[in-house]
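Here is the structure we will look at, set down as structure tokens.
Values in this text are rule-based calculations from the coordinates and carry no lab data. Keep in mind that this is a model prediction, so the values were computed, not measured. FYI the Cβ positions are ideal-geometry reconstructions off the backbone, even for glycines, and counts take in every protein chain you see.
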Amino acid sequence: MTNSSNQADYRVRRSDDKAGAGVGKGVVADFLQLLARAAHQFHTYPPTSPLCTDAIAACHAAFMALELEEPMTLRIGKRELLVQDEPIGRGTIVEQQLWRPLHRARVASVEIKPDVTLRDWSQFCPIIAASIRPSRQSPSVAEQLLEAGVGGIVARVTPRPEMFDVGAPPAAMRVVVDRERVRQSSIPVSGPAQHLYPPDKGWVRLDPTVRYESISLLDLTVLINEPAELASMLTRLIDEDASDDSGRTAALQHRYSDVVTLIGALDGRLARILFSKLSRAVLALDSDRRRSLLKGAILPSLLDGRMNGEAVLWDFPDIDLAEALCLLLDLDAASPHVLAMALDRLQLPDERRSALTPLIKARLQNGRAAEQMKEGSLANGFDGVAASLLPDPLSPEPVGVLALEEAAEGDGSSTSLWIAFPNFYVITRYNKSRLYAAAVTSLAEAIRSAYAAQATNALPR
């Protein structure tokens, strides 16, 4: 097998040495070869090396010698760069060090402005050198240039479409899609369409017998009919890899909010079926990812009264539901009454709630016993006193005791015990700090005292 790099011409030749090249094209070719050599130096040596700085200076001088009044546009051809539709660089260092990394980075064209600076070149060349082996997770060349503050060089990247194989959906599924389309078209539109993902990024391959001119994300949600698979497709729309098992499980965790948004936009009966499948997909996650997803998205949405939290947790088996609800006490600004609030939000039947309550209490007792063994003694200091006064989390009287440290006179500090009622949790939904809730309470007390003093002074004497 022949090594293509052995056939590349790395010599920098003058324009009159190049067969069939005009003067203008030859000068541009010389500049591009100097630019390619500078990119190669950054690939081989550190940026502070004199070889890199000298190559940048030579490239900049060659470009300034062109005395351009309009920006120069380099388009990426099949194996060469195109300047005013003239192919330049095939089989030379230009192909190896400029065309190849730009092509691999999906760059369609590069525009170089007449006022480009030495700093712009020194930022552009290492970005091109690193693009020889691009990664799906790395930012695009255009994004890297923008982040580096390069104003004299603008790269335009071609979108990389993602192809989703759907095949031939069953006739019953197509009927559901048509009904959902009719329902969506009857909903009043309040403004222009908002794209959840880049338009024209995803393409769907269907059986030729299926006559769909376009597929929306809602259509795709119905056709795929699996929330976990839908999450992996949404991940591919933002150029992240979700091909292996770990990528698919991470996709559900990262794209969970978008998945529930799409499911929630469907008809209620259809959404209930897909939420049930989403529930099974969440349970199929490994324990760490499941706990993270529960604490980060599902449980807070339940407490906030959003449908997706109740719909997903409803289909959990009782043991898994008890474990999930106990995680509520691990949330920031959680108070003892949140378990009772969560059970009320779930609207479980009386029989299931009666069966679930002992499971929750058992898990809480096991957790407290394990914590006591780990910490030695739970009843040390004010924290132990506060914990011992906490009521049953499922009690109809949701009152808790909190220990707050306060600044005292001098350099010391004091600790005060506060009785927390349900409005404590409401206040901390805005700010998770317990001190914030205490400050709000103190401010309310001061305002009430001021109004009382005003009323007293207004009384006739």
Would you mind checking which residues have amide H under 5 Å from GLU162's amide H? H placed 1.01 Å from N; only 5 or more apart, or other chain. GLY202, TRP203
Just to check I understand the Karplus step: with θ = phi - 60° and J = 6.51 cos²θ - 1.76 cosθ + 1.60, what whole-Hz values come out for region 435-448, glycine and proline as x? 5, 4, 4, 5, 5, 4, 4, 5, 5, 4, 5, 5, 5, 5
5 Å is the cut-off here: which amide hydrogens, built 1.01 Å from N in the peptide plane, fall below it relative to ALA420, excluding neighbours closer than 5 in sequence? GLY400, VAL401, LEU402
Using only the alpha carbons, work out the radius of gyration and Dmax of region 32-151 in angstrom. 13.3, 39
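Report the Stokes-Einstein translational diffusion coefficient (µm² s⁻¹, integer) for region 214-329, Rh taken as the Kirkwood radius over Cα pairs, at 4 °C with viscosity 1.567 mPa s. Kindly include the intermediate steps, with their values, before the conclusion.
Numbers: Rh = 14.3 Å.
The calculation lands on 91 µm²/s.
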I need the peptides 278-289, 164-175 ranked by packing, meaning the mean over residues of other C-beta atoms within 10 angstrom, with the highest value on top. 278-289, 164-175
Summed side-chain charge close to SER131 - residues other than SER131 whose Cβ falls under 11 Å, Lys, Arg +1, Asp, Glu -1: +4
How far, in nm, would the chain grow between ASP178 and TRP314 when pulled straight, counting 0.36 nm per residue and subtracting the alpha carbon separation? 46.1 nm
Distance between modelled label sites at ALA65 and SER449, nm, 7 Å Cα→Cβ extension: 8.2 nm
Of the peptides 222-231, 100-109, how do they stack up when ordered by the mean number of other Cβ atoms within 10 Å, highest first? 222-231, 100-109
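Determine by what factor the alpha-carbon radius of gyration of region 283-330 differs from 2.2 N^0.38 Å, reporting the quotient.
1.02
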Simple spin-label model, 7 Å along Cα-to-Cβ: ILE273 to GLU147 in nm? 4.3 nm
Take peptides 437-444, 250-257 and line them up by average Cβ neighbours within 10 Å, highest first, as a rough protection proxy. 250-257, 437-444
